[in-house]
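Written out below as structure tokens is the structure these notes cover.
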Amino acid sequence: MGCVTHVSTSSELQIASNLSQSRAKIFLETRYYMRDALSALFNINPMKVPITAYPGKPPELPNSMGYISISHCKDAFIIGWHRENIGIDIERSDRNFNYQKLAKKYFQKENIKNYNLNRYLILKEWSAIEAAIKYDRGKLSRDIKEWRYKINEENLYHESKKIKLNLIQIPFLDWTISIAYKNNLLTKLPKIICSNL
């Protein structure tokens, strides 16, 4: 953990001191990567990056600096940045999880039927919905059943909030990356940095 403390604020170090050792390590590493990437993007000292990033909450920049979204899995961390709001998720394509139970509990019946309970297709929907929830600054437990994802359509729809988002899904080496965004704001992909943890 010592290698990342030199780009951690006193507030971040204080927060980390109240977390378990493994959570503190991930917390400080992810803040290190965010500061490092954003300092290169904005050409400023990492300690001058005005980021607010509490555990379990989406990271925030002042509005004039754009939006960031982060995600991590067991062996990768991804940061997406854009001038407009985005949500990003990364999942290992070979992730071992109870995909049948998850699909039956949360997904639309028509999708489950079309997937024929295919693990990878269920993982893609899961990743898409996570990206949408991050875009909306929502909560997985509250919003997972609200988002609608259609196979072969590059969008998502939130039932009660009437939010429609576009979706890009990228297979990249061992991972699936999902990016949720509004309208046609992404004329090109946001800046993305992937790092092995």
Considering (1) touching a residue at least 60 places away in the same chain (Cβ under 8 Å); (2) in a strand (DSSP E or B), say which one Ala37 fails and leave the rest.
(2)
Restricting to segment 42-82, and then to whatever is among the charged types (D, E, K, R) and in contact (Cβ under 8 Å) with a residue 12 or more places away in the chain, can you tell me which residue is surrounded by the fewest Cβ atoms within 10 Å (Cβ to Cβ)?
Lys74
Members of segment 40-85 that are hydroxyl-bearing (Ser, Thr, Tyr) and outside any loop (DSSP other than H, G, I, E, B):
Thr52, Ser64, Tyr67, Ser69, Ser71
For segment 125-142, name all the residues that are surrounded by 19 or more Cβ atoms within 10 Å (Cβ to Cβ) and touching a helix residue (DSSP H, G or I) at 6+ places or on another chain (Cβ under 9 Å).
Glu125, Trp126, Ile129, Glu130, Ala132, Ile133, Asp136, Gly138
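Every read-out reported here was derived from the displayed coordinates using simple, explicitly stated rules and does not represent laboratory data. Keep in mind that this is a model prediction, so the values were computed, not measured. Note that each Cβ is placed from the backbone with ideal geometry, even for glycine, and that neighbours are counted across all protein chains shown.
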